[in-house]
Each structure stands twice: as C-alpha cells, then as structure tokens.
Amino acid sequence: MQGLKALLSALLGSLRDLLPIIAVITFFQLAVLQQPLPELASILIGLLLVVAGLTFFIFGLQMGLFPIGESMAHALARKGSVFWLMLFSFCLGFGTTIAEPALTAVAAEAAEVAANGGLIANDETAMNNYGNGLRITVALSVGLAIVIGVLRILKGWPIHRLIIGGYILVVIITAFAPRSIIGIAYDSGGVTTSTITVPLVTALGVGLATVIKGRNPMVDGFGLIAFASLTPMIFVMLYGMIMT
C-alpha cells in the first residue's frame, strides 16, 4: 500500500513537472503559429509514455539507486579502507558514465561530424574508434573526478578552491586545444551528469558525509557532480590534442 502511494506521488510529480513544457508548446503552436497540433493522437500517446517513463524512473531512483548508493558508501566508510573506497568511487564514476545514453549520442554525433569534416577517415571503423575513444576518455575523467570529490570529503578541502582551480585549467587548455574539439569538450561536461550518473554519485557523496565524523551532508555531501562536469572538459580537449 505504501509502495502504491509512493508510485502515485511520483506520477503526480511527473505530471506537474511536464505541465510547463506542455503549456509552452501548446501556446506557441496555437497562439503564435496559429496551427493545430499535427498528429494529435500520436502526440498524446507519446506524452503518456513520457509521463509513465519519467514516473517509473523517479520511483526507481527513490526505491533502488539512492538507497544502494548510500548503503555502499556507509559500508565502505565503516570498513576503513581508503583503497577500496577510492576504487569503488572510480569504478562507479567510470561505469555510470560509460552507460550514459546522452554521452553515447554525443560521441556518435561527434564522430560523424569529424568524419564529414575530414578530421578522421570517413568510414565506420574510424568513426567507431573515435566515438568509443571519446566515451572512454570522458568515463575515465569522471572516474577521476569522483575520486577527487571523495578525497575532498575525507580531507575536508574547500570545494570552491578546487572548482576555481579546475576552471582556470580549462581556460588555459582551451587556448592550446584544437578549435574542432572545444565545443565537444564543453558539451561533454554536461552530458556526463545525466540520468544514470547523478543519482548514484549524489547518493555516494551524501552517504559518505553522513557516516564520516565531523562532516555535514549539506556542506560536504554535495559537489561531486561539479567535479564530474569539470574534468571531462579537460580530458576531452587533451584527447583532441593527441588525436590531431
């Protein structure tokens, strides 16, 4: 019964979150373009599927991913082994990022554009190698980012100094990176922090800050996502410098 109430709550939340999007599209289609919605039946079916998918996704996060992320963080912190905690953090960052659908889409598009632009050979093998190299580079950078973020929680380092230093490094590397890779690098920082990575990484940070003495979950538990957005920009630009 409690699970059903949580599912209904997630459904209502999904509907509430989608209402502004529906309102904007409807307004511009009917009031600005002054045209009826094309294929209304298909749009309504698609909207229902989006609501259902978003509902089950949010419900799954609350039911599975958040609890398992926090529980594993608690267990590893209590185990007292920094090595296993760091290894888990790296693997979590790498594994969730390599599975991100948004990263897969951006890497495939980047490979196609690079082939059409003459940066790589215009064949399937070269495009697959370029796209896979890009995905692995981003995944490695996120793994390293999560390790840095966990170290910050353990040591109590101020987050603003690390973030400012990281963006200064981004600006410096941008001056030397090929122009063709800069936009991809900047976009890579956004696509990594998507549907799979964010819930688990956030749960890891909050779980660690909760169990480690002297740490405040509100102050120290958040911020891992900022590192996960920052390091891909650096790594992808370096990847572009090596590949060209």
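The values are calculated or read from the model by the stated rules, or taken from the named source; none is laboratory data. On a predicted model such as this, the values are computed, not experimentally measured, just so you know. Virtual Cβ from ideal backbone geometry, glycine too; neighbours counted across all protein chains shown. Only protein heavy atoms, including side chains, enter the accessible area calculation; ligands, DNA and RNA are left aside. Shrake-Rupley method; radii C 1.70, N 1.55, O 1.52, S 1.80 Å.
Multiplying the residue separation of residue 211 and residue 194 by 0.36 nm and removing their Cα-Cα distance gives an extension gain of 3.5 nm.
Along its first, second and third principal axes, ordered by size, the stretch 105-185 spans 49, 24, 15 Å in Cα coordinates. Over the stretch 112-244, the fraction of Cα-Cα pairs per 10 Å bin, rounded to whole percents and listed from the shortest bin up, is 13, 39, 29, 14, 5, 1. Restriction of the trypsin sites (Lys or Arg not before Pro) in the stretch 116-185 to DSSP coil positions whose beta-carbon has at most 12 other beta-carbons within 10 angstrom yields no sites. Using a probe of 1.4 angstrom and keeping all protein chains present, the accessible surface of the stretch 82-143 works out to 47 square angstrom per residue. Using equal-weight Cα scatterers in the Debye expression, the normalised intensity of the chain in log10 at q = 0.10 Å⁻¹ is -0.63.
Each of 93, 165, 218 was scored by the projection of its Cα onto the charge dipole of the chain, and the greatest displacement toward the positive side belongs to 218; charges sit on the C-beta of Lys, Arg, Asp and Glu. For the stretch 123-230, the relative contact order works out to 40 percent when only alpha carbon pairs closer than 8 Å and six or more residues apart are counted. The accessible area of residue 130, taken with all protein chains in place and a 1.4 Å probe, comes to roughly 20 Å². Computed from the C-beta positions of residue 8 and residue 50, the FRET efficiency with R₀ = 22 Å rounds to 0.80.
Relative contact order, whole percent, for the chain stands at 24, derived from Cα pairs under 8 Å and 6 or more residues apart. Comparing mean-square fluctuations of 199, 232, 178 from a GNM of the chain with C-alpha springs under 10 Å, the top value falls on 178. Each label point was placed 7 Å from the Cα along the Cα-to-Cβ direction; for residue 109 and residue 57 their separation is 1.6 nm.
Measuring nothing but how far apart in sequence close Cα pairs (under 8 Å, 6+ apart) lie, relative to its length, the stretch 88-181 scores a relative contact order of 35 percent. The sum of -39500 (n - 2.57) across all DSSP H runs of n ≥ 4, divided by the residue count of the chain, sets its helix-only mean residue ellipticity at 222 nm to -27000 deg cm²/dmol. Of 163, 45, 120, the residue with the greatest mean-square motion in the GNM of the chain, using alpha carbon springs below 10 Å, is 45. Rounded to the nearest 10 square angstrom, residue 86 shows an accessible area of 30 square angstrom against a 1.4 Å probe. At 1.4 Å probe size, with the rest of the protein present, what percent of the exposed accessible area of the chain is carbon and sulfur atoms? Carbon plus sulfur share of accessible area: 71 percent. Taking the chain as a Gaussian network of alpha-carbon nodes connected by springs under 10 Å, the highest mean-square fluctuation of the residues 26, 210, 197 belongs to 26.
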